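Report on the following structure.
The values are calculated or read from the model by the stated rules, or taken from the named source; none is laboratory data. Keep in mind that this is a model prediction, so the values were computed, not measured. All Cβ positions, glycine included, derive from the backbone under ideal geometry; neighbour counts span all protein chains shown. Protein only, heavy atoms only, side chains kept; ligands, DNA and RNA dropped before computing areas. Shrake-Rupley method; radii C 1.70, N 1.55, O 1.52, S 1.80 Å.
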Amino acid sequence: MRIALFEPEIPGNVGAVLRLGACLGVAVDLIEPMGFEWDDARVRRTAMDYIDHVAVTRHAGFDAFLETVGHARLILFTTRATVSAYDFAYRSDDILLFGKESAGVPDPVRALVQEQVRIPLRPQVRSLNLATSAALALGEALRQTNALPPLA
């Protein structure tokens, strides 16, 4: 299982997702362009030393990322989906895809994903923070596939 971030804009979110990947043993794909410089100190500050414990792959764009997908399903997390992320059946080789914070993914990217799911929210609010969404999604996907790290 992998997490993919499409053109992320906020370094703190990327850092938090890198830390999430390190803690749960999941690789993170970053699809450029990003809204900040990769050497931005804010990424390292949020990820802390956990950044050394996660496999990170940067892709020059969505087409370059697609070349690495193989037979894995792309599961897009979006507020436009009608299927709950908790009713969806995950597989161990799924790639959990999250769009940029300000706009999600464009329609051509949306057309290429195999599945779209949504984290249920109260109707009075619009969306969760990117890193929070990734944590909820990954936790459920790993739980369903019996891939959560063991308790130490």
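How many percent of the accessible area of the chain is carbon or sulfur, using a 1.4 Å probe? Before the final figure, lay out each step's value.
Working: 4150 of 8090 Å².
Answer for the chain is 51 percent, counting heavy atoms of protein chains only.
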Percent RCO, i.e. relative contact order, over the range 5-152, from Cα pairs under 8 Å lying at least 6 residues apart = 27 percent
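Find, to one decimal place in angstroms, the Kirkwood hydrodynamic radius of the range 22-114, where the mean of 1/r is taken over every pair of different Cα atoms and then inverted.
Working: mean 1/r = 0.0671 Å⁻¹.
About 14.9 Å, per the Kirkwood formula over Cα pairs.
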In nm, give the distance between the simple-model label positions of Asp52 and Phe36, each being 7 Å from the Cα along the Cα-to-Cβ direction.
-> 2.1 nm
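When ligands, DNA and RNA are left out and all protein chains stay put, how many square angstrom of accessible area per residue does the chain have with a 1.4 Å probe? Can you show the working numbers first?
On the way: 8090 Å² over 152 residues.
That works out to 53 Å² for each residue.
How much of the DSSP bridge set in the range 67-132 is antiparallel, in percent, rounded to the nearest 5?
Numbers: 1 of 9 bridges.
Given both bridge residues lie in the range 67-132, the antiparallel proportion sits at roughly 10 percent.
Taking the highest mean first, how do the peptides 131-143, 49-61 order by number of other beta carbon atoms within 10 angstrom per residue?
On the way: 131-143: 19.2, 49-61: 13.9.
Ranked from most to least packed, the peptides come out as 131-143, 49-61.
Charges only on Cβ, +1 for Lys and Arg, -1 for Asp and Glu: so what's the dipole of the chain about the Cα centre, in debye to the nearest 20? Please list the in-between numbers first.
On the way: 15 positive and 18 negative charges, 112 e Å.
It works out to roughly 540 debye.
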Relative to the compact globular guide of 2.2 N^0.38 Å, what is the alpha carbon radius of gyration of the range 88-152, as a ratio?
-> 1.25
